[in-house]
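Below: one structure, written as structure tokens.
The values are calculated or read from the model by the stated rules, or taken from the named source; none is laboratory data. What you see is a predicted model, and the numbers here were worked out from it, not measured in a lab. Positions of Cβ are generated from backbone atoms using ideal geometry, with glycine treated the same way; all protein chains shown enter the neighbour counts.
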Amino acid sequence: MRVLQVCAEIFPLLKTGGLADVAGALPAALALAGAQPRVLLPGFAPILAGLSNARTVATLPARGQVPAAQLLLGDLAACGVQAYVVDSPALYQREGGPYADAQQRPFTDNHLRFARLCWAAAELALGADPSWRPGLVHAHDWHAGLTPACLQAVGAHVPAAYTVHNLAYQGSFSADQYRQLGLPELYFQPDGLEFHGTLNFMKAGLHYAQHITTVSPTYAREIQHPEQGMGMDGLLRARADVLTGILNGVDEAVWHPAMDALIPANYDAGKLAGKARCKAALQQQLGLTEDAGKPIFTVVSRLTEQKGLHLVLAVLPQLIARGAQFALLGTGDAPMQDAFRAAATAHPQSILVRIGYDEPFAHQLIAGADIIMVPSHFEPCGLTQLYGLAYGTLPLVRRVGGLADTVTDCSLEALDEGRATGVVFDAFSEAGLDAGIRRALALYRRRGEWKAVQRTAMSQRHDWAEAAQQYMAVYRQALAS
Ligand code: ADP
Ligand code: GLC
């Protein structure tokens, strides 16, 4: 089965969040499951830089005001996959990030930039590369959301699967912008990709794809209700028969404490001495009080509303007063960055805050800390709690989305039955998180039980092989539809 993955970012070349981790790991897992995967990406500078043996396979025609572009095929050796790249310097090679300029302002022509990507998928389905035509197209998140509509518009009889990684980012544009994209006017209606008079890339994916997936079973249920549906719950309920939740996996080539080259000492569940060394190195390097007995709580995250980090800010004084330390790595919301920086300045021996994106430091924090906090308001899957489990850094999470599906609370019965892997709390409030912290501290003090929970956490397998099997089943269903 030839499967074309369409997405905007891919680890390790270009990453703003978990989408890149998924895009980087899924192709290899699909290949092991028997598929022939290739990826299609926009020609951002880091992606072109990672492309070797590139050759031009086609000139993609303009569609409406979406400009023509070259379609390259080459190897993304860093990702172990062959990739088509839409080469258009005017659209993709700019200062700033993939979606916004250096001041975080979204590029004003994002509708054209990502329509270009989606149209390219349709051209490939029509045979733009005569030597490889996809049998199925799998599009990810709003950037690739128009893909199923483009496939239908060109009459390509190639089914589409569409994965929602985060319903909060929908790709919303005006009706006038829709008219620039070269798609049929007929599609701009409520029973199409129009959403209350606007163009909505996400809705296009949800409406036109043969199958929809999202990244955890619980999130698949939550988004069918108004509270988490972000306006799409009605459509998702209507399509519930083709909506599947598939948990993300952990790429063990990147995240495994026994093999991780980015951490000061390697370890595994049987030999945790290396973890203690990682913790000591962290305290030393960060200027925190060097004390093996003080639990370190960490956060590695985008700083946005979604992640519930204002709750962390609110409980920091109590956390420190209870003798714990706190280390955060993150970037995002400017007032939140400032508030975390101010907390670190006030308590330099107990709080370390690093604003920015830093892959090695993310590994060092997750290896050296004792507890990783993910108190999200909503969380489609979440990856850092999975990395925490793998590294014996127990997750303290809110019971929502993929967090609820991947962490088992250390209730007395779960402890007794050897199932506990972390701490799970319910109320999205300061009191809810604080109660979770107190339970985490109580467990931390019970050293024998703590170690048992660590071992259970580290033995959890969140395997890409398992996820790939489930995607293959979805693809087969889409092909049969
Ligand atoms: P989301 O995609 O919503 O941001 P996930 O938990 O799925 O959340 O994925 C986040 C990914 O980004 C993880 O791989 C995490 O380690 C990484 N990450 C987040 N913030 C940073 C940062 N400041 N520096 C390095 N890695 C980060
Ligand atoms: C999104 C979600 C996150 C998920 C990631 C990868 O960014 O916020 O929960 O893990 O996509 O699927």
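Looking only at region 376-425, count every residue that is crowded, with 24+ Cβ neighbours inside 10 Å, within 16 Å of Ala442 (Cα to Cα) and among the small types (Gly, Ala, Ser) and tell me the total.
Total satisfying the criteria: 2.
Considering only region 52-79, how many residues are under 29 Å from Gln177 (Cα atoms) and of a type in the set (Gly, Ala, Ser)?
5
Hey, could you check region 375-403 for residues that are in contact with a Phe, Trp or Tyr (Cβ under 9 Å, 6 or more places away or on another chain) and among the aliphatic types (A, V, I, L, M) and say which is farthest from ligand 1 (Cβ to nearest atom)?
If we take residues in region 375-403 being in contact with a Phe, Trp or Tyr (Cβ under 9 Å, 6 or more places away or on another chain) and among the aliphatic types (A, V, I, L, M), then Leu394 is farthest from ligand 1 (Cβ to nearest atom).
Tally time: how many residues in region 308-349 are within 16 Å of ligand 2 (Cβ to nearest atom) and either exposed (fewer than 15 other Cβ atoms within 10 Å of the Cβ) or farther than 22 Å from Asp370 by Cβ (or both)?
Qualifying residue count for the region: 3.
So Ala435 clears everything in (1) part of a helix (DSSP H, G or I); (2) within 25 Å of Ala321 (Cβ to Cβ); (3) touching a helix residue (DSSP H, G or I) at 6+ places or on another chain (Cβ under 9 Å) except one condition, right? Which one?
(3)
Name the residues in region 69-128 that are touching a residue at least 24 places away in the same chain (Cβ under 8 Å) and at positive phi, would you?
Within region 69-128, just Gly80 meets the criteria.
Of all residues in region 305-340, which are within 16 Å of ligand 1 (Cβ to nearest atom), within 16 Å of Leu396 (Cβ to Cβ) and in contact with a His (Cβ under 9 Å, 6 or more places away or on another chain)?
Lys307, Gly308, Phe326
Looking only at region 365-412, filter to residues that are outside any helix (DSSP H, G or I) and of a type in the set (S, T, N, Q); which one of those is farthest from ligand 2 (Cβ to nearest atom)?
Ser411
Could you check region 280-332 and list, in sequence order, the residues that are without any contact (Cβ under 8 Å) to a residue 40 or more places away in the chain and of a type in the set (Phe, Trp, Tyr)?
Selection gives Phe326 alone.
Out of region 44-54, which residues are away from ligand 1 (no atom under 16 Å from the Cβ) and either aromatic (Phe, Trp, Tyr) or surrounded by fewer than 24 Cβ atoms within 10 Å (Cβ to Cβ) (or both)?
Across region 44-54, the qualifying residues are Phe44, Ala45, Leu48, Ala49, Gly50, Leu51, Ser52, Asn53, Ala54.
Looking only at residues in region 345-360 that are closer than 30 Å to Ile246 by Cβ and of a type outside the set (D, E, K, R), which one is farthest from ligand 1 (Cβ to nearest atom)?
Among those that are closer than 30 Å to Ile246 by Cβ and of a type outside the set (D, E, K, R), it is Pro360.
Which count do you get for residues in region 282-307 that are away from ligand 2 (no atom under 16 Å from the Cβ) and buried (at least 16 other Cβ atoms within 10 Å of the Cβ)?
Total satisfying the criteria: 9.
Tell me, please, whether a residue that is more than 15 Å from His140 (Cβ to Cβ) and touching a Ser or Thr at 6+ places or on another chain (Cβ under 9 Å) can be found in region 13-30.
Scanning region 13-30 turns up no residue that is more than 15 Å from His140 (Cβ to Cβ) and touching a Ser or Thr at 6+ places or on another chain (Cβ under 9 Å).
Of the residues that sit in region 159-189 and are within 16 Å of ligand 1 (Cβ to nearest atom) and among the hydroxyl-bearing types (Ser, Thr, Tyr), which one is nearest to Ser376 (Cα to Cα)?
It comes out as Tyr169.
If you check Leu443 against the conditions, is it touching a residue at least 40 places away in the same chain (Cβ under 8 Å), in contact with a Phe, Trp or Tyr (Cβ under 6 Å, 6 or more places away or on another chain), more than 12 Å from ligand 1 (Cβ to nearest atom) and not in a strand (DSSP E or B)?
yes
Is it true that Ala265 is more than 16 Å from ligand 2 (Cβ to nearest atom) and surrounded by 14 or more Cβ atoms within 10 Å (Cβ to Cβ)?
When the stated conditions are applied, Ala265 passes them.
Let's see how each residue does on (1) in contact (Cβ under 8 Å) with a residue 40 or more places away in the chain; (2) among the polar types (S, T, N, Q):
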residue: Ala144; (1), (2): yes, no
residue: His157; (1), (2): no, no
residue: Gln177; (1), (2): yes, yes
residue: Gln180; (1), (2): yes, yes
residue: Pro184; (1), (2): no, no
residue: Phe188; (1), (2): no, no
residue: Asp191; (1), (2): no, no
residue: Phe195; (1), (2): no, no
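Could you check Leu183 against (1) away from ligand 2 (no atom under 16 Å from the Cβ); (2) within 21 Å of Arg113 (Cβ to Cβ); (3) surrounded by fewer than 22 Cβ atoms within 10 Å (Cβ to Cβ); (4) aliphatic (A, V, I, L, M) and say which number it fails?
The failed condition is (3).
Can Thr406 be described as closer than 30 Å to Leu206 by Cα, assigned by TED's automatic domain parsing to the domain that holds Asp370 and β-branched (Val, Ile, Thr)?
Considered against the rule, which asks whether it is closer than 30 Å to Leu206 by Cα, assigned by TED's automatic domain parsing to the domain that holds Asp370 and β-branched (Val, Ile, Thr), Thr406 comes out as yes.
State which residue is surrounded by the fewest Cβ atoms within 10 Å (Cβ to Cβ) when the search covers only region 222-245 and only residues that are within 16 Å of ligand 1 (Cβ to nearest atom) and under 15 Å from Val400 (Cα atoms).
Result: Gln228.
Buried (at least 23 other Cβ atoms within 10 Å of the Cβ) and more than 16 Å from ligand 1 (Cβ to nearest atom): does that describe Lys275?
Yes: the conditions hold for Lys275.
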